[in-house]
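Accompanying notes for the structure given below.
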Amino acid sequence: MASFNLRKAEPKDVPDLLRLIKELARYEEMEDQVKLTEKDLLEDGFGDHPFYHCVVAEVPTEHQKAEGYSVIGFAMYYFTYDPWIGKLLYLEDFFVMKEYRGFGIGSEILKKLSETAVKTRCSSMHFIVAESNQASINFYKRRGALDLSLEEGWRLFRIDKQNLLKLSAEE
């Protein structure tokens, strides 16, 4: 199966995006943490000032599996800025359905993101990979990615919405 197409996501892709996000979360055993709705994805990703950008991988009808999905992979990203090195492309999520892995789709998505980063003069691409996802860690390392947790000792933190509200209300 060599026939697939990469393209910019469109509003009509939102149901497929949410389905793939849930599949990724299930793969990472975190499905209960997906709170987004199709409405959120539509409002946040499409319009005058999108919070994210997205590339989808689709297959023609003859390569669809029994479920009949044509959108079989995606990469969600956005641009951010690092005061030490400048513009970055931040890869938030990247997923190809299991039955479509091994055909070069993930490699082509990563190539497309790399082209986008170069074209927009980004100094690098950053992303997070679950420690338990050794297949993805190996995929990225084979392509030159450095594990900053090991190399530089950085830790990822999160302030959840409850604490954001608490902090914003402090006097």
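Is the shape of the stretch 106-171 rounded, prolate or oblate, going by the alpha carbon gyration tensor and its root eigenvalues a ≥ b ≥ c, with a/c under 1.5 for rounded and a/b larger than b/c for prolate? Don't skip to the answer; put the middle values down first.
Numbers: a/c = 2.56, a/b = 1.73, b/c = 1.48.
Prolate shape, in that a/c is at least 1.5 and a/b is the bigger ratio.
At a 1.4 Å probe, what is the % contribution of carbon and sulfur to the accessible area of the stretch 1-103?
Working: 3190 of 6180 Å².
C and S fraction of accessible area: 52 percent.
Name the residues of the stretch 76-111 whose amide N is less than 16 Å from a point 7 angstrom out from the Cα of Y27 along the C-beta direction?
Only 76-77, 91-111 pass the distance filter.
Sorted by packing (mean other beta-carbon atoms within 10 Å per residue), highest first, where do 27-39, 127-139 land?
Final packing ranking: 127-139, 27-39.
Could you state how much accessible area E43 has, in square angstrom rounded to the nearest 10, with a 1.4 Å probe and all protein chains kept in place?
110 Å²
Please list S3, S168 in order of solvent-accessible area, largest first, computed with a 1.4 Å probe with all protein chains present. Write down the numbers at each step before the final one.
Numbers: S3 50, S168 90 Å².
From most accessible down to least: S168, S3.
Just grab the label-to-label distance for L36 and E10, each label 7 Å out from Cα along the Cβ direction, in nm (one decimal).
2.0 nm
Thinking of the chain as a set of Cα atoms, what percent of all their pairs are more than 21 Å apart?
Values: 7907 of 14535 pairs.
So the portion of pairs separated by more than 21 Å is 54 percent.
Before anything else, pin down the relative contact order of the chain: Cα pairs under 8 Å, at least 6 apart, normalised by residue count, whole percent. Please report the intermediate quantities before stating the final value.
Working: 188 pairs, mean separation 29.6, N = 171.
Relative contact order here is 17 percent.
By how many nm would the segment from R19 to E62 grow when fully extended, if each residue of separation counts as 0.36 nm and the alpha-carbon distance is taken off? Each step should come with its number before you reach the end.
Values: separation 43, 0.36 × 43 = 15.48 nm, distance 2.10 nm.
Length gained, R19 through E62: 13.4 nm.
Could you calculate the FRET efficiency of K111 with E171 from 1/(1 + (r/R0)^6), where r is the beta carbon distance between them and R0 is 41 Å, rounded to 0.05? Don't skip to the end; give the middle numbers.
Numbers: r = 50 Å, r/R0 = 1.23.
Efficiency at R0 = 41 Å is approximately 0.25.
Measure nothing fancy, just the Cα-based angle from helix 105-119's long axis to the longest principal axis of the chain, in degrees from 0 to 90, nearest 10.
Relative to the chain, helix 105-119 is tipped by roughly 50 degrees.
Please give, to one decimal in nm, the separation of the simple spin-label points placed at S124 and Q162, each 7 Å out from Cα toward the Cβ.
Those two pseudo-labels are separated by 3.4 nm.
Rolling a 1.4 Å sphere over the protein heavy atoms, what is the accessible area per residue of the chain, to the nearest Å²? Don't jump to the answer; show the numbers that get you there.
On the way: 11820 Å² over 171 residues.
Ligands and nucleic acids excluded, the figure is 69 Å² per residue.
The values are calculated or read from the model by the stated rules, or taken from the named source; none is laboratory data. In this text the structure is predicted, and so the values were computed from the model without any measurement. All Cβ positions, glycine included, derive from the backbone under ideal geometry; neighbour counts span all protein chains shown. For the accessible areas, the whole protein counts, side chains as well, though only heavy atoms, and no ligand, DNA or RNA atoms are used. Shrake-Rupley method; radii C 1.70, N 1.55, O 1.52, S 1.80 Å.
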